[in-house]
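Q: Please read through the structure below; I'll follow up with questions.
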Amino acid sequence: MSARDDARPGSAGAPAGRGAETPRDPLVIRHLEFLGPMATAGGWRPEPSLPEVAFAGRSNVGKSSLINTLVRRKAAARVSRTPGRTREINFFDVNHQFVLADLPGYGYARIAKERKAEWRPLIEGYLRRSPKLVGIVQLLDVRRDPTDDDRQMLDLLAELQVPAIVCVTKVDKLSRAQAAAQVAAIARDLALDPEQMIAFSSETGEGRDELAEALVSLLAAATARDRDDAAATEDGAA
């Protein structure tokens, strides 16, 4: 499985000043609202009116920090010093354009089996029963080899035909050459295209705009598909 073409990151620039160009922010955050948590499979969740993008990864992969960097807020998603602390799916309204779903981290060895047994149906139930889910941002730690949990998540996304944007986090912890080599190794391990994997650092901001651009493209592709489906339905009814 790989990040789909409609989610492939790109870069863009906009003129600013006389003859100068500065990077254009692909995703300007004008509104961010915490909508609430989903604690159990089948429990409360926002009405599925907006497209949804989920963020997933192992515990301690840097997911909360990545989300905060993406939305340019210091504490939109709580950063815990204790891996595996988040037990719910937290939903955020972004610009009244899409819902960001922050999934609990998976795979932390020290978490009790009983709690792990609760998380799996919560995450899988959400992925299987979210009609407005248009994609998922899958996080992998550049310093860690992919685990069986990572592979199972990617396999599930492939089964459900959910487009994935793969982000490799914490690249600032390695030299640039080491990070590039490790990204390539992870890509080989998971049969992914390294050119469609985003190297990300919450410390330096590297990869933030690439991820934002990928999300904008993902949402635009989903909107276009919905429009085509609606047109086809109207033609069939005519």
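Q: Within the stretch 108-224, which strands (runs of 3 or more DSSP E) (wholly inside it) include 1 or more residues that are among the acidic types (D, E) and surrounded by 14 or more Cβ atoms within 10 Å (Cβ to Cβ)?
A: Here the list reads 133-141.
Q: Under the condition of being crowded, with 22+ Cβ neighbours inside 10 Å and not β-branched (V, I, T), which residue from the stretch 65-75 is farthest from V99 (Cα to Cα)?
A: Filtering the stretch 65-75 for residues that are crowded, with 22+ Cβ neighbours inside 10 Å and not β-branched (V, I, T), the one farthest from V99 (Cα to Cα) comes out as L66.
Residues are listed down the side, and each one gets a yes or a no for (1) more than 21 Å from E213 (Cβ to Cβ); (2) of a type outside the set (V, I, T):
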| residue | (1), (2) |
| --- | --- |
| V142 | no, no |
| T147 | yes, no |
| A177 | yes, yes |
| A181 | yes, yes |
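Q: For the stretch 46-66, give me each residue that is part of a helix (DSSP H, G or I) and basic (K, R). Talk me through it step by step, then tell me what you get.
A: Pass one, the stretch 46-66, residues part of a helix (DSSP H, G or I): 63-66.
Matches in the stretch 46-66: K63 only.
Q: Turning to a different aspect of this structure: Among the residues of the stretch 158-177, are any closer than 22 Å to L70 by Cβ and small (G, A, S)?
A: yes
Q: Residue check, L139 against (1) at pLDDT 95 or above; (2) out of contact with any Cys (no Cβ under 7 Å at 6 or more places or on another chain), all met but one. Which one?
A: (2)
Q: Go through the residues of the stretch 80-96 one by one and say whether even a single one is assigned to a loop (DSSP other than H, G, I, E, B), surrounded by fewer than 17 Cβ atoms within 10 Å (Cβ to Cβ) and at pLDDT 95 or above.
A: Yes, that holds for at least one residue.
Q: Which one is modelled with the lowest pLDDT, of the residues in the stretch 17-33 that are over 18 Å from L50 (Cα atoms) and assigned to a strand (DSSP E or B)?
A: Among them, the one singled out is E21.
Q: Could you list, in sequence order, all residues of the stretch 178-209 that are in contact (Cβ under 8 Å) with a residue 40 or more places away in the chain and closer than 16 Å to L66 by Cβ?
A: Of everything in the stretch 178-209, those that are in contact (Cβ under 8 Å) with a residue 40 or more places away in the chain and closer than 16 Å to L66 by Cβ turn out to be V183, M197, I198, A199, F200, S202, G205, G207, R208, D209.
Q: Tell me the residue from A224, A212, A232, A237 that is modelled with pLDDT under 95 and closer than 23 Å to V28 by Cα, please.
A: Values: A212 fails: modelled with pLDDT under 95; A232 fails: closer than 23 Å to V28 by Cα; A237 fails: closer than 23 Å to V28 by Cα.
Only one candidate passes the filter, namely A224.
The values are calculated or read from the model by the stated rules, or taken from the named source; none is laboratory data. Values in this document were obtained by computation on a predicted structure and should not be read as measured data. FYI the Cβ positions are ideal-geometry reconstructions off the backbone, even for glycines, and counts take in every protein chain you see.
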